[in-house]
Amino acid sequence: MPLAGKAHNVAVDTPYFSSLEELDAWAREPKRKLEGILEFIPRSSSDEPQCHGKLLVCHDYKGGYTESPSALSYTFNFWSSCDTFVYFSHHRVTVPPPGWITAAHRQGVKILGTLIFEPGGEGDCLRLLVGNLPRSVNGPAKSHVASTSLPLSPHYARLLAELARQRGFDGYLLNFECPLHGGPEQTRTLAAWITVLQSEILARVGSHGQAIWYDSVVFTGQLAWQDRLNSLNLPFFLSSSGIFSNYTWPRDFPFLSVQYFYSLDSALTGNAPNSQPHVSKKSLQDIYMGIDVWGRGSHGGGGFGSYKAITHIAPESLGLSVALFGPAWTWESEQDKPGWNWDKWWEYDSKLWVGPVSGEVEVPESPRKKGEPECPHGPFLPIASFFPRNSPPDPFDLPLHTTFSPGVGHAWFVDGTRVFQSTDGWTDIDKQCTVGDMVWPRPVLEWEGEGRDDPLPEALSSICFDDAWNGGSSLRFKLSCAGSETEEAAFRCVWLPVQSLAFQPGRRYEANFIYKLESNPDTVDVDIGLSVKLVSQDANLKDPLQITPLTIVDTDLPDGWTKLCIEFTMSDGQELPPSVTGAVGMVIAIVAQDPSQTIDISILAGQLNIYPCSPTESAPHIPVILWADYTSSQSPKDSASPSGTLTWEIAASFPPLDNLTITSPEDPVSAWKVHPSNRWFPTFLYFNVYALRYSAEGKVGQPEEAVWVGTTGLDGVKHGFVIVPENLPFWNADMVNGKVKVRFFVQGVTDRGQVLRWEHCVFVDGELVIGRA
């Protein structure tokens, strides 16, 4: 998939750092905050008990930084079960790529980088604590008695926190897997340094920032994995946000961790009135028991046996959390097998996370360690079954946008039109959206209305790459209604929930849904509506939603797509929690002329957007792109590779002013209809970029004739796009020296899913220099 090229300023935009010296070099250069990355917005408070354990997922796909924009790569899609995601690699400082940060934040999930010291990293371990020492001759102003204490410098704590702020991620996993030869003196300083790091992260990143300690070095300085919380790693647990235990624990270690935690003085864990203010309060949720999906020493053998280990961790009953390492096992362990493809991976990965579409999951026997007693377990349970389903942030705070994209595809669509096709596929995590957290492994239908007990239709869900509204995919639903001779079978109406939703009573929301009725028999009429329902068993919350279908039901969209719009709100007059959980989905009405025949229906869900309703008294504004600029450049090493950079600015356009009716300084009204808000300015998800070459006669066509060359988002730059040869459809490597004049068009896509009309977009002309330097 043609996408923006990588930035060239290595000191500022390097994806990771191999040493602390490289981090210092980065700090010496001018820095800018990456504004194209979505900021973290927390999820609404859940109805689930606060003592329920959490899930941390530690990604290690082929060592990290191996996603290819021009091939199908591994993506993580089950964010609703996850609280924290760690982007892991074996570089000294791992910075999560911009697309991964946006994808996690879109779901309300915190994402951490990694600070790692492996064998050979002892020197940097010491440098981390004492800071970046000067090269000049220096010393104490007056001689003093030598101290045995290792000095503690905040230098790298500040740099790491500033790096997280600048790149938009939320903290670090601290992985010290080399011995600290300074012994307790060094580890005491390290524990203190962690508190400084955490303080800096909270100050620069926000109150959600984290510094998680991986169970490795103990207080003596030895590398000695403990597989649980105990006195040997306690100082690091108390100084950090939490501890990620090693994976090789026997089945009684989770319970021993609980016992040990409860034996601690509450003042030490920050839970007593006299606790020091700098101490981070600790709970059982801050103990993450590690599980290796690859099975290296993990109870249950990893893979589909991972549930056995989670059963002992017992997030729901004990309250311990889970740290799951290496979930890309589903890809890496299968990719070399005959017949393997993305669809088979999706089935395999979904089976691990949410269970199979049908049938049982065969779990291989895991070898027992020497002396380990037999540990019987029940049948397979998917990982998601151990954790509450967490909805994305309230759409009032972060508009929900999804094209049901897993972040990969074979084509690209703009308003139902295919503008790009790839043979090998593409990966762009920045474009990943929720894939519908209520439809896997298959949709759960309910009769719309009461009083029916006949069998429900069968329903299946799948990702469709062949047709989409925007982006690279849509969500396909196949419904099969068995033939029936009963009178009521002529009319069937079912509720199909698609996506969970957290929202606040009293707020007004608008929801837009774009779908296509892909196929159904000629003798069947199908009517589809959009609805929101509460997901609650509380009898007092029955039918408190007020849903208003809007007059906008647009059936005049390209290629058979239809748009539905509703407004909904919930009365806040009764005793309700500050946030409630609902589901947005389809009400599907099926009328059959001959209900005795089997009815098969296929529906594509193309796009779903939910956002706060605009105040009716507020004057509408139109988001526009104000201007664009093009800067040409040429690589001295390879003059056959022209390049340039597009930049642009956005704006808002307001309607003409009507009669200004202010007659007195005391009039209690505004001169024009306006509703003060920090959300009125246009917000864009990404921008489509197109190119059109000038003819030999110096003429150029209209934007509808231009060819799509890529989208923004890959490099975290908000309003910029790097032009590279592979992006240009008219580029030919055999072109002779000279210049090619090109008109570029920039088209915005808003956070409400709206693709700007061409009259609200801009063009910019640029010359591509061809020739050898």
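Kindly establish whether residue 703 is farther than 30 Å from residue 105 by Cα, modelled with pLDDT of 95 or more and under 35 Å from the mean Cα position of the chain (by Cα).
Answer is yes for this residue.
Across the range 166-189, what is the total count of residues that are assigned to a helix (DSSP H, G or I) and under 20 Å from residue 89 (Cα atoms)?
Adding up the residues that qualify gives 2.
Mind listing just one residue for me: the one in the range 494-534 that is in a strand (DSSP E or B) and of a type in the set (S, T, N, Q) and, of those, surrounded by the fewest Cβ atoms within 10 Å (Cβ to Cβ)?
Step by step, filter the range 494-534, then rank; the result is 519.
Can you tell me how many residues in the range 438-457 are touching a residue at least 24 places away in the same chain (Cβ under 8 Å) and over 27 Å from the mean Cα position of the chain (by Cα)?
10
Checking the condition surrounded by fewer than 23 Cβ atoms within 10 Å (Cβ to Cβ), in the same structural domain as residue 41 (by TED's automatic domain parsing) and under 20 Å from residue 313 (Cα atoms), which residue from 228, 204, 251 passes?
251
Do we find a residue being out of contact with any helix residue (DSSP H, G or I) (no Cβ under 7 Å at 6 or more places or on another chain), buried (at least 22 other Cβ atoms within 10 Å of the Cβ) and closer than 17 Å to residue 324 by Cβ anywhere in the range 277-285?
no
Do the conditions hold for residue 217, that is, is it crowded, with 24+ Cβ neighbours inside 10 Å and of a type in the set (A, V, I, L, M, F, W, C)?
For residue 217, the condition - crowded, with 24+ Cβ neighbours inside 10 Å and of a type in the set (A, V, I, L, M, F, W, C) - is met.
Out of the residues in the range 209-267 that are assigned to a loop (DSSP other than H, G, I, E, B) and among the aliphatic types (A, V, I, L, M), state the one that is farthest from residue 160 (Cα to Cα).
Per the criteria, the residue is 264.
Hey, does the range 384-391 have a residue that's over 30 Å from residue 302 (Cβ atoms) and either touching a Ser or Thr at 6+ places or on another chain (Cβ under 7 Å) or surrounded by fewer than 23 Cβ atoms within 10 Å (Cβ to Cβ) (or both)?
The answer is no; no qualifying residue exists.
Quick one: which strands (runs of 3 or more DSSP E) sit completely within the range 15-124 and have at least 1 residues that are free of Cβ contacts under 8 Å to residues at least 40 places away in the same chain and at negative phi?
Strands (runs of 3 or more DSSP E) meeting the threshold: 84-87.
Scan the range 124-144 and give yes if some residue there is touching an Asp or Glu at 6+ places or on another chain (Cβ under 8 Å) and either under 24 Å from residue 90 (Cα atoms) or of a type in the set (D, E, K, R) (or both), otherwise no.
Yes, the range 124-144 has at least one match.
The conditions are (1) assigned to a loop (DSSP other than H, G, I, E, B); (2) small (Gly, Ala, Ser); (3) farther than 19 Å from residue 301 by Cβ, and residue 350 fails exactly one of them. Which is it?
Single failed check for residue 350: (1).
Kindly indicate whether residue 36 is closer than 26 Å to residue 242 by Cα, surrounded by 16 or more Cβ atoms within 10 Å (Cβ to Cβ) and not hydroxyl-bearing (Ser, Thr, Tyr).
So residue 36 fails the test.
With touching a residue at least 24 places away in the same chain (Cβ under 8 Å), under 19 Å from residue 314 (Cβ atoms) and under 25 Å from the mean Cα position of the chain (by Cα) as the only criterion, which of 388, 406, 392 stands out?
None of the other options fit; the residue is 388.
Going by what's in this entry, would residue 192 be described as under 30 Å from residue 98 (Cα atoms) and either aromatic (Phe, Trp, Tyr) or part of a helix (DSSP H, G or I) (or both)?
no
Restrict the check to the range 568-589 and report whether at least one residue is exposed (fewer than 14 other Cβ atoms within 10 Å of the Cβ), outside any loop (DSSP other than H, G, I, E, B) and modelled with pLDDT under 95.
no
The values are calculated or read from the model by the stated rules, or taken from the named source; none is laboratory data. Since we're looking at a predicted model, the values are computed, not measured. Here the Cβ is made from the backbone with ideal geometry for all residues, glycine too, and neighbour counts use every protein chain on show.
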